[in-house]
1. Across segment 78-105, what is the number of residues that are in contact with a Pro (Cβ under 8 Å, 6 or more places away or on another chain) and exposed (fewer than 13 other Cβ atoms within 10 Å of the Cβ)?
2. Mind counting the residues in segment 52-98 that are free of Cβ contacts under 8 Å to residues at least 60 places away in the same chain, closer than 14 Å to R41 by Cα and either in contact with a Lys or Arg (Cβ under 9 Å, 6 or more places away or on another chain) or part of a loop (DSSP other than H, G, I, E, B) (or both)?
3. Identify the single condition in (1) among the hydrophobic types (A, V, I, L, M, F, W, C); (2) at pLDDT below 90; (3) closer than 27 Å to E55 by Cα that V95 does not satisfy, given that it satisfies every other one.
4. Return only the number of the condition from (1) in contact with a strand residue (DSSP E or B) (Cβ under 6 Å, 6 or more places away or on another chain); (2) farther than 27 Å from R41 by Cα that E169 does not satisfy.
5. For segment 86-109, give me each residue that is within 10 Å of the chain's Cα centre (by Cα) and on the phi < 0 side of the Ramachandran plot.
6. Tally time: how many residues in segment 99-138 are assigned to a strand (DSSP E or B), closer than 30 Å to W43 by Cβ and either out of contact with any strand residue (DSSP E or B) (no Cβ under 7 Å at 6 or more places or on another chain) or of a type in the set (S, T, Y) (or both)?
7. Looking at this structure, is W43 at pLDDT 95 or above, farther than 21 Å from D141 by Cβ, not β-branched (V, I, T) and not in a loop (DSSP other than H, G, I, E, B)?
8. For D108, are the conditions met, namely being among the charged types (D, E, K, R) and either over 18 Å from L59 (Cβ atoms) or exposed (fewer than 12 other Cβ atoms within 10 Å of the Cβ) (or both)?
Amino acid sequence: MSSTVPADLPRMFRPEPKLAAVPVQPTAKNREALPVAPPARTWSFIDSTTSQLREVTCLPGCVVNHSMDQETPTHPTDVWCMAEATTEAWIPMEVARKYDDHRVLSADIRQIPFSNQMHERVPHAIVEVVEDEFVGGLDPDGLASLILTFEGQLAQMRAMHARLVELREQGRVQL
C-alpha cells in the first residue's frame, strides 16, 4: 500500500498541509538548550480572607519581590509571579497631539497561583502591545498565533516600505 496521494485526486480530498503555526513537541535532535533558571522559591503568607498561613512556590525564575506579601496579610489573588521580562523597545508616538516615547511589544511570563481564572494559575504569556495595552493569558499556541499575526503585519509594512521607496525614487513625492 502506497502512502502517496494520487495527483488527480480532487483538492477537497487532499490532506491539508501541516500548519507552520502549530507548535511541535521538541525532540532530542531539535531541542535548544535553555538557560538554567534559578530554583523556584517557596514562601508563606497569611491569607487575609481566612487568616490561615498559605504556602506558595514561585514560578521558576520569578523576579517579583514578595517581601510585602510575606509581611502583611494578603488576599490570595494578589499573589503573582513573573519571570524576567523581555527587553523593552520604546518609540515616539503621537498621543493627544503630543509626542512621547511609549513602550511597545514587550512580553513576560506570569503565574497567579490563586487566581479565580484557571488559565492564570499556570504559566502564561502577557504581551504589552503598546504601553499599558495588553494581550494576556496566552498559552503557547495563543502566543504563537499572536506572533504570526505580528509577522503578517510586518510583512505588509515591509511591502509598504518598498512601495514608499519606489514612489520617492520616481519623484512623485516632492519635499
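1. Looking only at that region, the number is 3.
2. So the answer is 15.
3. Answer for V95: the failing condition is (3).
4. E169 satisfies every listed condition except (1).
5. Of everything in segment 86-109, those that are within 10 Å of the chain's Cα centre (by Cα) and on the phi < 0 side of the Ramachandran plot turn out to be T86, S106, A107, D108, I109.
6. The total comes to 1.
7. The answer is yes for W43.
8. No: the conditions fail for D108.
The values are calculated or read from the model by the stated rules, or taken from the named source; none is laboratory data. Note that the structure is a prediction, hence the values are computed from the model and not measured. Don't worry about glycine lacking a Cβ; one is built from the backbone with ideal geometry, like all the others, and counts go over all protein chains shown.
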